[in-house]
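The values are calculated or read from the model by the stated rules, or taken from the named source; none is laboratory data. None of these values were measured; they are calculated from a predicted model. Using ideal geometry, Cβ is built from the backbone for each residue, glycine included, and neighbour counts are taken over all protein chains shown.
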Amino acid sequence: MNKKWGFLRETKAMAENAGIDKDTGLHRTGLEDYLKVIYPHINDWIHDKTLGNINGVTYRSRPDYRSENLKLIIEFDGLPHYTNPDIIEKDLKNTDLYMGFGYKVVRIPYFIQLTNKAVETLFGVKVSEDLFDGVVPSLGIKGRNTPAYLCPAGIQRMAKEFKKFPEQYQTNIDALKAQDDTFKSGIDFLEEEYNKLD
């Protein structure tokens, strides 16, 4: 297992505060550390600042990361982006807003880890260094981050996003089945939504 790259967190500070995962022994890695490898020549990242004034209108939206050189906005969508329908709706509106200003928008779900394949899918960039090991699951009952803890719109969103990452879907489904608690895993809800998309 590659232990250099850990579970994704929005920032390096958040990653350091989270510590080591007791089940896997993996640490957390801030998104800015991943971005240094994905885009090694880009150094104009703006973190958590409002869009400000555009064409005479002030926008309060605060993208997690923004690069004007790449015309790219990256959002790390944590658990609340799947448990609260108001936040899910706001994400859709913000994505449309950003795209309307000419940005490419990449949303990284909390349950998707930045493996080499995921980076290529999300960013269209091939990284030669081995990144996160895709055999490590992201969902678990102990973490209270399973489909059982999501709202219906969040489960639908999770299923749609997992369709882009079938290997990570299978890793997580297998891990949830091994925990043998369908009530707290919510695996049936996720599988039902996922299979509807076939």
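Report those helices (runs of 4 or more DSSP H) wholly inside the range 145-198 carrying at least 1 residues which are buried (at least 16 other Cβ atoms within 10 Å of the Cβ) and under 18 Å from the mean Cα position of the chain (by Cα). Quick ask: steps written out before the conclusion?
Values: elements: 152-162, 166-178, 182-185, 187-196.
Ranges flagged: 152-162, 166-178, 187-196.
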Which numbered condition in (1) at pLDDT 95 or above; (2) over 25 Å from Asn94 (Cβ atoms); (3) in a loop (DSSP other than H, G, I, E, B); (4) under 18 Å from the mean Cα position of the chain (by Cα) is the only one that Pro63 fails? (2)
Pairs only if they're at least six apart or on different chains, beta carbon under 6 angstrom, first in the range 50-64 and without any contact (Cβ under 8 Å) to a residue 12 or more places away in the chain, second assigned to a loop (DSSP other than H, G, I, E, B); list them, first residue then second. Arg60/Thr50
Taking the condition of being over 28 Å from Asn145 (Cα atoms) and either assigned to a loop (DSSP other than H, G, I, E, B) or modelled with pLDDT under 95 (or both), how many residues in the range 4-58 meet it? 16
Let me spell it out: the conditions are (1) without any contact (Cβ under 8 Å) to a residue 60 or more places away in the chain; (2) exposed (fewer than 15 other Cβ atoms within 10 Å of the Cβ); (3) over 22 Å from Leu92 (Cα atoms), and Val135 meets all of them except one. Which number is the exception? (1)
